[in-house]
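> If you scroll down you'll find the structure; I have some questions about it.
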Amino acid sequence: MARTARRSASPSPWTSADEREREREAKREAVLRTAARFFNEKGYHATSLDDVASALSVTKPTIYHYFANKDEILMECTRRGLNALADSMRATDQEGLSGAQALEAMMMAHAFEMMDDFGICVARTQDHLLSPESRAQFRALKREIDALIRRTISRGVEDGSLRVPDVRIAAFTLGLALNSLGSWFRPDGPMGREETAKLTVATLLTGLRSQKS
């Protein structure tokens, strides 16, 4: 009888460890995405965790199950944006492309990421808002992205597809211009993301391409 009872027992109402972890990550992502939108619309100082909790229909203490404070949320939003940016830019570094072609692909990836919630958060975050530890991480990620742009421009200069008097100034100019998309692009504006990215990149590349490229 005991064996029969064990065989016919109802399934456990508790979810597995993997399912609980997936659920936790989904909720954590929802907190980040919602907070990023508030930071982008209202600014960091004007946004409270009560705003985020209310938008998610949870209580403020619930937010603290996933993040220690607002600074940690801001840092994670900017880290997500910068990591996505670096990953998408690295993915464009393919063999067989000229430096100019690689730079164009990298700039398109950069432009698209800067029009995402987390990319916008990167563009609108002043690093003095972050804690010293978070500020150091933020600056390190930005330096990595600058190095990727410089390396690709240098490649174009070497293969003759780009005409650039100063790689450092060119990289700063491109980076600042593309980052600014996070400040002025509006999804409900007259142009969509793809058209905005293409026109912005084409405008910036006009002054860098050599005649033979």
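> Mind listing whichever residues of the stretch 181-213 are in a loop (DSSP other than H, G, I, E, B), small (Gly, Ala, Ser) and either within 20 Å of ALA147 (Cβ to Cβ) or in contact (Cβ under 8 Å) with a residue 60 or more places away in the chain (or both)?
Across the stretch 181-213, the qualifying residues are SER210, SER213.
> Taking only pairs six or more apart or across chains, which ones have beta-carbon atoms under 7 Å, a first residue in the stretch 125-147 that is farther than 24 Å from ARG168 by Cα, and a second residue that is assigned to a helix (DSSP H, G or I)?
LEU129/LEU74; LEU130/ASP71; LEU130/LEU74; LEU130/MET75; LEU130/PHE138; SER131/ASP71; SER134/ASP71; SER134/MET75
> Also, I was wondering about something else. Please verify whether the stretch 158-169 includes one or more residues that are within 18 Å of SER88 (Cα to Cα) and either aliphatic (A, V, I, L, M) or modelled with pLDDT of 90 or more (or both).
Checked against the condition, which is being within 18 Å of SER88 (Cα to Cα) and either aliphatic (A, V, I, L, M) or modelled with pLDDT of 90 or more (or both), the stretch 158-169 yields no hits at all.
> So, one more: Could you say which residue among ALA105, ALA55, ALA109 is modelled with pLDDT of 90 or more, open to solvent by 10 Å² or more (accessible area, probe 1.4 Å) and not assigned by the TED database to the domain that holds VAL157?
Going through ALA105, ALA55, ALA109 in turn, the sole match is ALA55.
> Do the conditions hold for SER98, that is, is it hydroxyl-bearing (Ser, Thr, Tyr), touching a residue at least 12 places away in the same chain (Cβ under 8 Å) and in contact with a Gly (Cβ under 9 Å, 6 or more places away or on another chain)?
yes
> Of the residues that make up the stretch 19-30, is at least one open to solvent by less than 80 Å² (accessible area, probe 1.4 Å) and in contact (Cβ under 8 Å) with a residue 12 or more places away in the chain?
Yes, that holds for at least one residue.
> Which of the residues belonging to the stretch 63-117 are in a loop (DSSP other than H, G, I, E, B), more than 14 Å from the chain's Cα centre (by Cα) and not charged (D, E, K, R)?
Of everything in the stretch 63-117, those that are in a loop (DSSP other than H, G, I, E, B), more than 14 Å from the chain's Cα centre (by Cα) and not charged (D, E, K, R) turn out to be TYR64, HIS65, TYR66, PHE67, ALA68, ASN69, THR92, GLN94, GLY96, LEU97, SER98.
> I would also like to ask the following. Looking only at residues in the stretch 119-153 that are in a helix (DSSP H, G or I) and of a type in the set (S, T, N, Q), which one is surrounded by the fewest Cβ atoms within 10 Å (Cβ to Cβ)?
Here the residue is GLN137.
> With hydrophobic (A, V, I, L, M, F, W, C) and at pLDDT below 90 as the only criterion, which of ALA100, ALA86 stands out?
ALA86
> Another question, if that's okay. Let me confirm something: among GLY160, GLY156, GLY175, GLY182, which residue is closer than 24 Å to THR203 by Cβ and surrounded by fewer than 16 Cβ atoms within 10 Å (Cβ to Cβ)?
Answer to the selection: GLY160.
> Check off (1) open to solvent by less than 20 Å² (accessible area, probe 1.4 Å); (2) in the same structural domain as ILE145 (by the TED database) for ILE63 and give me the number that stays unchecked.
ILE63 satisfies every listed condition except (2).
The values are calculated or read from the model by the stated rules, or taken from the named source; none is laboratory data. Predicted, not measured: the structure shown is a model, and the values here were computed from it. For neighbour counting, all protein chains shown are included, and Cβ atoms are generated from backbone atoms with ideal geometry for every residue, glycine included. The protein model used for the area step is the full one, side chains on, heavy atoms only, and it has no ligands, DNA or RNA in it. Shrake-Rupley method; radii C 1.70, N 1.55, O 1.52, S 1.80 Å.
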